[in-house]
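**Student:** I'd like to ask you about the structure that follows.
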Amino acid sequence: MYFVKARIIRRIYLMGSLSLGVLAPIFCWYMIPDFNPIHRPLSYFGVAELTFWYWNISIILIASAIFINASRSIPIYFTNLNQKKLLKVLLSISFIALCAVALISMDNFIIHRIAAYSFFLVYNFFVFCFGFIRSLKYVRRGLFSISIGILMLLSSLLLLPFPSYGIFEIAYFFLLLLWNTHLFYKRIEFEDRILKKKEPLRLT
């Protein structure tokens, strides 16, 4: 019973935290209606007085959610120890980098930019590796992650026509949330199947 409750609480936390990836920008945009992602990055919400605390706490919650979501999925999809170590290292680096983005203000321009670049590049590589390693054994099952990883990389092309990082960040985080939502529900289906197999037969 304790493990069932813990699983339910964890799932509620993950769903709530991942939903912040959509709700946080909408709320902050509502608070600062003159914000324009074409001219300002989303990180602006992290320094604006009206949205500072809400935005940065949301980023930390989102970072924790995507870390927990993927770290619990890795043992399900992979058995090779080296492969799991590689994925966990990439995931850990991206988690630390995203937390640093929230904790280090844009006022510290260079350090904040390094943290942001590190997250975008490493997490992109993590998603691609997740799919590529899966495709070595099951080609079709790894294609979704590979496609998302490629699209994440291609989203950087949005930096060319726009003077700000805002549009690129929106596209990147949309892909991030899409991949995590897919991974989340696939893991739930797997865990529920395993749980049903362990349940004792009951006479009706």
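**Student:** Checking the conditions here, which among VAL89, VAL22 is closer than 29 Å to LEU160 by Cβ, in a helix (DSSP H, G or I) and β-branched (Val, Ile, Thr)?
**Tutor:** VAL22
**Student:** So, of the residues in the range 176-204 that are of a type in the set (A, V, I, L, M, F, W, C) and farther than 15 Å from ALA70 by Cα, which turns out to be modelled with the lowest pLDDT?
**Tutor:** Once the filter is applied, the top-ranked residue is LEU203.
**Student:** So ILE150 fits all but one of (1) closer than 18 Å to PRO37 by Cα; (2) among the β-branched types (Val, Ile, Thr); (3) without any contact (Cβ under 8 Å) to a residue 24 or more places away in the chain; what number is the exception?
**Tutor:** All conditions are met except number (1).
**Student:** What number of residues within the range 30-61 are closer than 17 Å to SER164 by Cβ, modelled with pLDDT of 85 or more and hydrophobic (A, V, I, L, M, F, W, C)?
**Tutor:** The number of residues fulfilling the criteria is 7.
**Student:** Follow-up question, since we're still on this one. Can you report the number of residues in the range 163-178 which are within 18 Å of PHE35 (Cα to Cα), aliphatic (A, V, I, L, M) and free of Cβ contacts under 8 Å to residues at least 40 places away in the same chain?
**Tutor:** Residues flagged as within 18 Å of PHE35 (Cα to Cα), aliphatic (A, V, I, L, M) and free of Cβ contacts under 8 Å to residues at least 40 places away in the same chain within the range 163-178 amount to 1.
**Student:** Another question, then. Out of the residues in the range 87-101 meeting the condition of being of a type in the set (A, V, I, L, M), touching a residue at least 12 places away in the same chain (Cβ under 8 Å) and surrounded by fewer than 20 Cβ atoms within 10 Å (Cβ to Cβ), tell me which one is farthest from GLY46 (Cα to Cα).
**Tutor:** Out of the qualifying residues, it is ILE93.
The values are calculated or read from the model by the stated rules, or taken from the named source; none is laboratory data. Keep in mind the model is a prediction, meaning the values are calculated, not measured. All Cβ positions, glycine included, derive from the backbone under ideal geometry; neighbour counts span all protein chains shown.
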